[in-house]
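The values are calculated or read from the model by the stated rules, or taken from the named source; none is laboratory data. All values derive from a computational prediction rather than experimental measurement. Cβ: placed from backbone, ideal geometry, glycine included. Neighbour counts: every protein chain shown. Please note that ligands, DNA and RNA were not included when accessible areas were found on the heavy atoms of the full protein model with its side chains. Shrake-Rupley method; radii C 1.70, N 1.55, O 1.52, S 1.80 Å.
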Amino acid sequence: MTYAMSDIHGCYDKFAAALEKISFSSNDILYILGDIVDRGPDGIKIILDISKRENVIALRGNHDHEALVLLKNLALPSDDPRADEFIGTFKMWAWDGGMPTYKSFLKLSNDGKREVLAFLNSMPVYEEIEIGKQKYFLSHTVPEKEKMQDFDRCNMADFLTGHPEYEKVYFDDKIIVTGHTPTGLIDKDFSGRIWRKNNHAAIDCGAVFGKPLGCICLETGQEFYAD
């Protein structure tokens, strides 16, 4: 089976519980739609786990991207002209949940640090897949409909911090699956639950904010929740 989840944000226990709930095996595929790290305590632990799983495909979220850029520049010399800008950006990242990631990263060996950075750098921004006759577009988020349909205009930021128009059907023949925005902010009646409408499945249930970690089976549409 093919599964998708998003915005684990360092909640390793919920991640492990979700894998147990779906009886995840080597015959399955799991797509994680970004924001593995930050806010929760165990983002680095999750990266080291999934980096050893050939059947887990992790897409890039805005927090993963920020972690990559900032962690690989930790040794930036103080006389580098970018140093002041880096320090300011680092403080903003730490305030926005990056501190647990930073502290865990510092505890790694040099080989461990290289492994984490290589993994973060390898994360694609989106995946287009087809299961049976159903097409899916998987990403952390998407831009507004008009820009999405003129795909050559899109850039990386559109799939890291874009603002979907959830009330619109983007494609008649393709289902979009995203994270990034907790579902309770899309519709308060779906707080802590997967939201599905208009050929769009939003699966960030707000795990790091005390809600369950949601997971959806793309073949069957079955939803799973790990508290």
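In order along region 215-226, the phi-based Karplus estimate (6.51 cos²θ - 1.76 cosθ + 1.60, θ = phi - 60°) of 3J(HN,Hα) comes to 9, 10, 8, 6, 5, 10, x, 5, 9, 10, 9, 10 Hz; Gly and Pro are listed as x.
Amide H contacts of THR2: ILE29, LEU218, GLU219, each under 5 Å away and 5 or more positions distant or on a separate chain (H built 1.01 Å from N in the peptide plane; Pro and chain starts excluded). With Cα atoms defining each centre, region 23-44 and region 97-121 are spaced 16 Å apart in the structure.
Region 129-152 and region 167-227 have their alpha-carbon centroids 15 Å apart. If you take the alpha carbon atoms of region 57-176 and fit the smallest convex hull around them, that volume is 139 Å³ per residue.
If a/c stays under 1.5 just call it rounded; otherwise compare a/b with b/c (prolate if a/b is bigger, oblate if not). Do that for region 107-227, with a ≥ b ≥ c from the square roots of the Cα gyration tensor eigenvalues. Judged from the Cα gyration tensor, region 107-227 comes out oblate (a/c at least 1.5, b/c at or above a/b).
The label point for SER191 and the one for LYS168, both projected 7 Å from the Cα toward the Cβ, are 2.9 nm apart. Sequentially through region 39-45, phi angles give Karplus couplings (6.51, -1.76, 1.60; θ = phi - 60°) of 6, x, x, 10, x, 5, 4 Hz, Gly and Pro residues having no value and appearing as x. Using heavy atoms of the protein chains and a probe of 1.4 Å, the accessible area assigned to GLU130 is about 110 Å². Computed FRET efficiency, Cβ-Cβ of ASP150 and VAL69, R0 35 Å: what is it to the nearest 0.05? Efficiency at R0 = 35 Å is approximately 0.80. Here the chain exposes an accessible surface that is 49 percent carbon and sulfur, computed with a 1.4 Å probe and the other protein chains kept in place.
Between amide H atoms placed 1.01 Å from N, distances below 5 Å from ALA58 occur with ILE32, all of them 5 or more places distant or on a separate chain.
With respect to the chain, whose longest principal axis is taken over its alpha-carbon atoms, helix 62-71 is tilted by about 20°.
Please give the per residue volume of the convex hull enclosing the alpha carbon atoms of the chain, rounded to a whole number of Å³. Kindly include the intermediate steps, with their values, before the conclusion.
On the way: hull volume 28.5 nm³, N = 227.
So the per-residue Cα hull volume is 125 Å³.
Shown in residue order for region 99-106 are the 3J(HN,Hα) couplings computed by the Karplus curve 6.51 cos²θ - 1.76 cosθ + 1.60 at θ = phi - 60°: 4, x, 5, 4, 5, 5, 4, 5 Hz (x for Gly and Pro). For LYS113, the lysines whose Cα falls under 20 Å of its own Cα, not counting residues fewer than eight places away in the same chain, are LYS45, LYS52, LYS72, LYS103.
Among 53-62, 118-127, how do they line up from the highest to the lowest mean number of other beta-carbon atoms within 10 Å? Provide the component values of the computation, followed by the final result.
Working: 53-62: 19.5, 118-127: 15.8.
In decreasing order of mean packing, 53-62, 118-127 become 53-62, 118-127.
What is the helix-to-structure angle for 12-21, meaning the angle in degrees between its Cα long axis and the longest Cα principal axis of the chain, kept from 0 to 90 and rounded to the nearest 10? That works out to roughly 30 degrees. Accessible surface computed residue by residue for region 1-149, with neighbouring protein chains in place and a 1.4 Å probe, gives 49 Å² per residue. What angle do you read, to the nearest 10 degrees and between 0 and 90, between the alpha-carbon axis of helix 110-122 and the longest principal axis of the chain? The answer is roughly 40 degrees.
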